[in-house]
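Participant: Please read through the structure below; I'll follow up with questions.
The values are calculated or read from the model by the stated rules, or taken from the named source; none is laboratory data. Keep in mind that this is a model prediction, so the values were computed, not measured. Ideal geometry is used to build each Cβ from the backbone, glycine not excepted, and the neighbour counts take in all protein chains shown. The area values use the complete protein model at the heavy-atom level, side chains included, leaving out ligands, DNA and RNA. Shrake-Rupley method; radii C 1.70, N 1.55, O 1.52, S 1.80 Å.
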Amino acid sequence: MKKNNVLILLIISLFCTTGSTFAQQEKGIVGQNNWLSYWTKFQAKPETKPKPTQILSGEIKGDTVTLRKKEIYLLLGDVFVTDSTRLVIEPGTLILADHKSKASLIITSGSTIDAKGNQTDPIVFTSSKDAPLAGDWGGIFILGDAPSNKISEKNLLKKGLTSYTPDNLIYGGTNPESNSGVMEYVRIEYAGKRTKDFGFFDALSLYAVGNQTEISNVMMSYSKGNSLYVVGGEIDLEQLVSFKARHSDYMFDSGTQVNISNSLAVRSPYDSASKGAASIHVTTNSNEDESNFAKVKTSVMASNLTLLNFSNNLKSAIEVGLVHEAIYVDANTLLTMNKSVISGFNPAVIFNREISLNDKNLQQIRFTNMYFNSCEGNIFIEFSQNNEDLENWYGNSSFQNVYSKGEDVETFISHKNLRDPDFRLRINKIIASSSSN
């Protein structure tokens, strides 16, 4: 009976809006059609990789260099696209990242990537191993010349990449409208190598990219680091998928100005790191020694996100400490989240303990039209068990937030009737079965 009441409440809240019966109050990922069809991959199986026909190593340079679908490429070591080169990757191209050399691809500042796959023919970056594992290779770095809140305008990427030309590792500048290219319908699998001195790499790292850069329909799977790491710059992100990242799904840092919409993150407690593994991590100064506190704060505008933590036994996973918060909000940051779903976390949101609960700070961290489902607590201050003030604030009816203990299937809320469920209900079973293995 309780479950039915939850469904009735959700249906009422979605239908009873001013203007039109179908005025959308949908929460979580949305779409008239299944934008996850064909190009995504939620069920990994060992498979014999084709033999490479071309090797990419050292530097790639020229006016335009094209990687073609008919070839199979092996990314060997740290590969740099340099000298204002435009790297074009045809739809359907397969790039195998060498696991022995822990390969990475770096688009240097001034160069661009044009990786436009399509829904039925995505571009795939994956491990060269037949039975791949998270961290088999490095990842993809895109370096731009947009601003950040670093002390210097120009900064050196310190990740232990092998390059004998320091200019290849420079990012940052004064151009928020710079263009580092396009990534669309791309999968990045098994990245996130571990280094001795610099921690984990991330599947996709955006360093000071400008707002003319286009990133959409990118799936990052099985990263041993973060799926996405954004440092400075300005960027619009949409229809992203993070699947089974060991660390955070989406991390925003160093004064970045981000709009992220209609995106999905699916976590498993059995694949998450014991620390620092929030689905979304928002920070302004991850390295205080390199930051100018007088410069711009990190600002994230998020809408229609679905953040899911699947487990066969969520209660048990929480009790043994395998489940963490969905969102970590650091001090001196701005976060606005609307029409989003957070399901199965412990708790849903944690504020850094240095955030004072005053009107100014609470106006800069906003949650509206949210659906908090099956979380062990909703919004807390770090290291504090008393969240009464925050619950009262965000529980105010004006924010239209919903708190529930429903099944995972209920996190895919539809404005359509139950006889005609939308694609989110249809894919739920696939995602759940993949995440519980």
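Participant: Anything in segment 354-387 that is out of contact with any strand residue (DSSP E or B) (no Cβ under 6 Å at 6 or more places or on another chain), open to solvent by 30 Å² or more (accessible area, probe 1.4 Å) and assigned to a loop (DSSP other than H, G, I, E, B)? List them, or say none.
Facilitator: Within segment 354-387, E354, S356, L357, N358, E376, F383, S384, Q385, N386 qualify.
Participant: Sort through L390, L334 and tell me the only one that's open to solvent by 10 Å² or more (accessible area, probe 1.4 Å) and not acidic (D, E).
Facilitator: Criteria check complete, one pass: L334.
Participant: Let me ask you something else. From T112, T120, grab the single residue that is surrounded by fewer than 18 Cβ atoms within 10 Å (Cβ to Cβ) and touching a residue at least 60 places away in the same chain (Cβ under 8 Å).
Facilitator: T120
Participant: Give just the number: which of (1) open to solvent by less than 10 Å² (accessible area, probe 1.4 Å); (2) in contact with a Phe, Trp or Tyr (Cβ under 6 Å, 6 or more places away or on another chain); (3) part of a loop (DSSP other than H, G, I, E, B) does S223 not satisfy?
Facilitator: Among (1) open to solvent by less than 10 Å² (accessible area, probe 1.4 Å); (2) in contact with a Phe, Trp or Tyr (Cβ under 6 Å, 6 or more places away or on another chain); (3) part of a loop (DSSP other than H, G, I, E, B), S223 violates only (2).
Participant: While we're looking at this one, here's another question. Which residue out of G92, G31 is free of Cβ contacts under 8 Å to residues at least 40 places away in the same chain, in a loop (DSSP other than H, G, I, E, B) and within 26 Å of the chain's Cα centre (by Cα)?
Facilitator: G92
Participant: Would you be able to tell me the number of residues in segment 229-243 that are closer than 21 Å to E177 by Cβ and either open to solvent by 10 Å² or more (accessible area, probe 1.4 Å) or without any contact (Cβ under 8 Å) to a residue 40 or more places away in the chain (or both)?
Facilitator: The number of residues fulfilling the criteria is 6.
Participant: Considering only segment 206-218, I want to know if a residue exists there that is closer than 18 Å to D330 by Cβ and either outside any loop (DSSP other than H, G, I, E, B) or under 10 Å from the mean Cα position of the chain (by Cα) (or both).
Facilitator: no
Participant: Further, regarding this structure: Going by what's in this entry, would S216 be described as in contact with a Ser or Thr (Cβ under 7 Å, 6 or more places away or on another chain), open to solvent by 10 Å² or more (accessible area, probe 1.4 Å) and small (G, A, S)?
Facilitator: When the stated conditions are applied, S216 does not pass them.
Participant: Determine which member of the set N168, N155 is in contact with a Ser or Thr (Cβ under 6 Å, 6 or more places away or on another chain) and open to solvent by less than 50 Å² (accessible area, probe 1.4 Å).
Facilitator: Every option except N168 fails the conditions.
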